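Enquirer: Following this message is one structure expressed as structure tokens.
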């Protein structure tokens with residue numbers, strides 16, 4: 001059992017790592033971190049005393065004054081080392097640097113210097129250190145105009161803005177879900193090394209990323225058709241795209257009905273990939289779900305009865321309440337890392353069609369139960 005603390009816990013990588021480690025309750029105890037710990041030596045020392053492992057993610061990567069970036073990042077390293085020394089702690093330190101080290105910019109220089117400081121300190125004190133050099137990272141919940149070009153494009157395309165490419169670079173990139181698994185494995189395996197280069201999962205031009213996202217906008221956002229998700233990179237990019245949509249105002253999406261003397265015909269799922277379609281009836285007052293997925297896409301289409309679908313992003317308190325009525329068949333798609341449920345709030349049986357992007361695998365279900 002590892003007691004793990006994450007500086008920068010509320011940042012992009014920190015949020016995903018904290019949530020992922022929360023799924024490993026038998027192996028990991030999470031030690032909460034707050035940004036103000038760096039402003040209070042007593043709080044920082046109390047934090048490090050509790051940790052077997054510290055993943056140092058806290059950093060500043062943009063500021064109008066470049067020297068502020070360098071000074072801030074070095075100061076964070078110094079404060080963390082001082083707190084560890086003052087408490088006599090010997091945690092395994094994992095430090096997140098960046099391939100920006102290879103570019104002679106101020107952020108890259110600050111990360112390289114911080115990594116070298118930790119490496120020297122670890123040798124002197126006989127402790128484990130992992131200096132991670134991480135490629136470009138993308139995934140849900142990144143800040144547009146800050147974390148990655150993917151975050152920026154996804155935000156722009158889902159908010160009526162026009163993306164613009166300034167430099168059509170060839171970038172090495174990794175999905176956040178893959179990165180946090182690598183960090184978790186490094187913790188479990190007690191990986192040591194002052195220069196651990198995290199492998200990228202794809203190499204792609206910025207224009208290619210934008211074209212794929214434009215395809216998602218046309219196919220999915222505008223026409224409700226689920227793209228081909230058989231390729232893992234396309235799946236991860238699509239799941240990222242969906243999380244930037246205005247979920248409360250986009251869903252539920254009304255389905256087209258065709259009615260004649262025979263009855264009514266409704267198309268519920270149009271897709272460019274496989275997966276599994278299921279049908280259920282639900283009695284009044286019954287709730288299904290209360291779980292989330294980290295990679296699967298899922299659609300609930302209500303064709304009879306009245307439903308309340310609730311969603312809540314993991315790690316947050318805000319609950320979205322979406323009402324559907326089978327008299328106007330509609331669907332809601334479930335983004336990754338959103339726990340969700342569906343309740344029959346009517347007085348008759350509710351009919352629902354479910355689509356999910358993968359067959360159910362009991363060895364790897366990607367289904368985690370948590371009440372909305």
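Each value in this text was obtained by applying a stated rule to the coordinates, not by laboratory testing. Bear in mind the structure is a predicted one, so any value in this text is a computation, not a measurement. Cβ sites come from the backbone with ideal geometry, for glycine too, and all protein chains shown count toward neighbours.
Enquirer: I'd like the FRET efficiency for residue 361 and residue 87, computed as 1/(1 + (r/R0)^6) with the beta carbon distance as r and R0 of 51 Å, rounded to 0.05. The partial results should precede the final answer.
Expert: Details: r = 44 Å, r/R0 = 0.87.
Approximately 0.70, to the nearest 0.05.
Enquirer: Further question: By DSSP, what percent of the beta bridges with both residues in the stretch 71-197 are antiparallel, rounded to the nearest 5? Mind showing how you got there, number by number?
Expert: Working: 0 of 12 bridges.
Close to 0 percent.
Enquirer: Now for a separate question. With the crude spin-label approximation of a point 7 Å out along Cα→Cβ, what separation in nm comes out for residue 181 versus residue 42?
Expert: For the pair residue 181/residue 42, the computed spacing is 4.4 nm.
Enquirer: Can I ask one more? To the nearest 0.05, what FRET efficiency results for residue 123 and residue 24 with a Förster distance of 41 Å applied to their C-beta separation?
Expert: 0.90
Enquirer: Provide the gained length on full extension for the span residue 231 to residue 192, in nm with one decimal, where the gain is 0.36 nm per separating residue minus the Cα-Cα distance.
Expert: Numbers: separation 39, 0.36 × 39 = 14.04 nm, distance 3.25 nm.
Stretched out fully, the residue 231 to residue 192 stretch lengthens by 10.8 nm.
Enquirer: Mind sorting 278, 232, 97 by how few other Cβ atoms lie within 10 Å of their own Cβ, fewest first? Mind dumping the intermediate values first?
Expert: Values: 278 10, 232 14, 97 25.
With the fewest neighbours first, 278, 232, 97 line up as 278, 232, 97.
Enquirer: Separate question: Out of the DSSP beta bridges found with both residues in the stretch 224-372, what percent are antiparallel (nearest 5)? List each step's numbers first, then the result.
Expert: Details: 44 of 46 bridges.
Around 95 percent of the beta bridges assigned by DSSP in the stretch 224-372 are antiparallel ones.
Enquirer: Take peptides 187-193, 163-169, 77-83, 150-156 and line them up by average Cβ neighbours within 10 Å, highest first, as a rough protection proxy.
Expert: Order by mean packing, descending: 150-156, 77-83, 187-193, 163-169.
Enquirer: Considering only DSSP beta bridges where both residues belong to the chain, give the percentage that are antiparallel (nearest 5). Don't skip to the answer; put the middle values down first.
Expert: Numbers: 48 of 74 bridges.
If I count the DSSP bridges inside the chain, around 65 percent turn out antiparallel.
Enquirer: Let me ask another. In what sequence do 271, 311 fall when counting other Cβ within 10 Å, fewest first?
Expert: Values: 271 19, 311 23.
Ranked by crowding around the Cβ, least crowded first: 271, 311.
Enquirer: If you don't mind, another one. Looking at (i) 21.2; (ii) 22.5; (iii) 21.9, which value of Kirkwood radius over Cα pairs in Å comes from a calculation on the structure shown?
Expert: Structure-derived value, by its label: (ii).
Enquirer: Describe numerically, in nm with one decimal, the distance between label points set 7 Å from Cα along Cα→Cβ at residue 273 and at residue 65.
Expert: The two pseudo-label positions are separated by 4.7 nm.
Enquirer: Which FRET efficiency value, to the nearest 0.05, is calculated for residue 327 and residue 371 with the Förster distance at 22 angstrom and r the Cβ-Cβ distance?
Expert: Numbers: r = 29 Å, r/R0 = 1.32.
So, using R0 = 22 Å, E works out to roughly 0.15.
Enquirer: Calculate, in nm to one decimal, what residue 146 and residue 254 gain on full extension: separation in residues at 0.36 nm each, minus their alpha carbon distance. Write out the running numbers ahead of the final one.
Expert: On the way: separation 108, 0.36 × 108 = 38.88 nm, distance 3.48 nm.
Full extension of this stretch gives 35.4 nm more.
Enquirer: Follow-up. How much length, in nm to one decimal, is gained on full extension between residue 308 and residue 49, taken as 0.36 nm per residue of separation minus their Cα-Cα distance?
Expert: Working: separation 259, 0.36 × 259 = 93.24 nm, distance 4.56 nm.
Computed gain between residue 308 and residue 49 is 88.7 nm.
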